[in-house]
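Asker: Got a structure here, written out as structure tokens. Questions coming.
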Amino acid sequence: MMLDPVAALSEAEYRRVWDRFYEAFTFRPSMSSFKWPAIKEPVASVTWSLTALDDDPGHERLDRLVEVVEQGLASCAGPQGTLLALDWQHTSYRFTPQDVGGPEQPAWPLSPYPDGDYYIYLSEDFRYGSFGHPWEESLCLFGEELLDAVSVEPTRSLAHLSADPARQWTSREVNSAQGLVRMRARSRAASASAAR
């Protein structure tokens, strides 16, 4: 059990965790779209385009997306579990999700939304988590238990199934929010078939 709900990783642990992440996910950081996706996405994963959030002046959809992902991660970690919060080339953390984000608790370290950097949440065993890509403007959630925990809510936050029925969505926004999911699902299915 951790003494503090949020603790910065030591330099040695930071290197060890990042080295493991690079290897496990074939991480290729790049601003170039020719090198995207930046990770080898696990078979049990879904990736959403975040471009639909560009037109979210009140940040309601963004706030809902963050809330759903954080709740899903906390649910998977359980009452005593810890998660890693990785910020590429910056301080990274280990934290207890049940002890952050509530009244009189510290805030979650980082965010599922990649605000200018790669933001990654991982279970200690790397079995589930999230990967936010700032330049591709995407969010990948992976691991069966996390996908089950969040269900379809991120799609509702990003696509035409928004909680705001008065919102008029352009076909570009709907296609952008849903298209990346379909594209990644097809490419993973093709990779799985080729591996057999």
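The values are calculated or read from the model by the stated rules, or taken from the named source; none is laboratory data. Treat the numbers as computed from the prediction; the structure is a model and nothing was measured. Glycine also receives a Cβ, built like all others from the backbone with ideal geometry; neighbour counts cover every protein chain displayed. The protein model used for the area step is the full one, side chains on, heavy atoms only, and it has no ligands, DNA or RNA in it. Shrake-Rupley method; radii C 1.70, N 1.55, O 1.52, S 1.80 Å.
Asker: Condition test on Thr26, is it in contact with a Phe, Trp or Tyr (Cβ under 8 Å, 6 or more places away or on another chain), closer than 17 Å to Phe126 by Cβ and either β-branched (Val, Ile, Thr) or open to solvent by 40 Å² or more (accessible area, probe 1.4 Å) (or both)?
Answerer: It is false that Thr26 is in contact with a Phe, Trp or Tyr (Cβ under 8 Å, 6 or more places away or on another chain), closer than 17 Å to Phe126 by Cβ and either β-branched (Val, Ile, Thr) or open to solvent by 40 Å² or more (accessible area, probe 1.4 Å) (or both).
Asker: Filtering segment 99-118 down to residues that are closer than 12 Å to Ala74 by Cβ and in contact with a Pro (Cβ under 6 Å, 6 or more places away or on another chain), which residue is surrounded by the fewest Cβ atoms within 10 Å (Cβ to Cβ)?
Answerer: In this case the residue turns out to be Asp99.
This table checks each residue for (1) without any contact (Cβ under 8 Å) to a residue 60 or more places away in the chain; (2) among the polar types (S, T, N, Q).
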| position | (1), (2) |
| --- | --- |
| Val17 | no, no |
| Gln71 | no, yes |
| Leu83 | yes, no |
| Ser92 | no, yes |
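Asker: For the condition at positive phi and within 15 Å of the chain's Cα centre (by Cα), what is the one hit in Gly116, Gly78, Gly101?
Answerer: Gly116
Asker: Here is a further query. Does Ala85 satisfy the criteria of being at pLDDT 95 or above and open to solvent by less than 10 Å² (accessible area, probe 1.4 Å)?
Answerer: It is true that Ala85 is at pLDDT 95 or above and open to solvent by less than 10 Å² (accessible area, probe 1.4 Å).
Asker: Here's a follow-up. Among the residues of segment 120-130, write down those that are open to solvent by less than 10 Å² (accessible area, probe 1.4 Å) and among the hydrophobic types (A, V, I, L, M, F, W, C).
Answerer: The answer is Ile120, Leu122.
Asker: Here's a check for you: in segment 1-15, which residue that is touching a residue at least 40 places away in the same chain (Cβ under 8 Å) and of a type in the set (A, V, I, L, M, F, W, C) is least open to solvent (accessible area, probe 1.4 Å)?
Answerer: Among those that are touching a residue at least 40 places away in the same chain (Cβ under 8 Å) and of a type in the set (A, V, I, L, M, F, W, C), it is Leu9.
Asker: Could you list, in sequence order, all residues of segment 56-76 that are open to solvent by 20 Å² or more (accessible area, probe 1.4 Å) and at pLDDT 85 or above?
Answerer: Leu62, Asp63, Arg64, Val66, Glu67, Glu70, Gln71, Ser75, Cys76
Asker: In addition: Output the qualifying pairs, or none if there are none: Cβ atoms under 6 angstrom, residues six or more apart or on different chains, first residue in segment 37-55 and among the basic types (Lys, Arg) and open to solvent by 20 Å² or more (accessible area, probe 1.4 Å), second residue at pLDDT 85 or above and in a loop (DSSP other than H, G, I, E, B).
Answerer: Lys40/Thr26
Asker: If I ask for residues that are at pLDDT 90 or above and either in a strand (DSSP E or B) or open to solvent by less than 10 Å² (accessible area, probe 1.4 Å) (or both), which ones from segment 144-157 would you list?
Answerer: Result: Leu146, single match.
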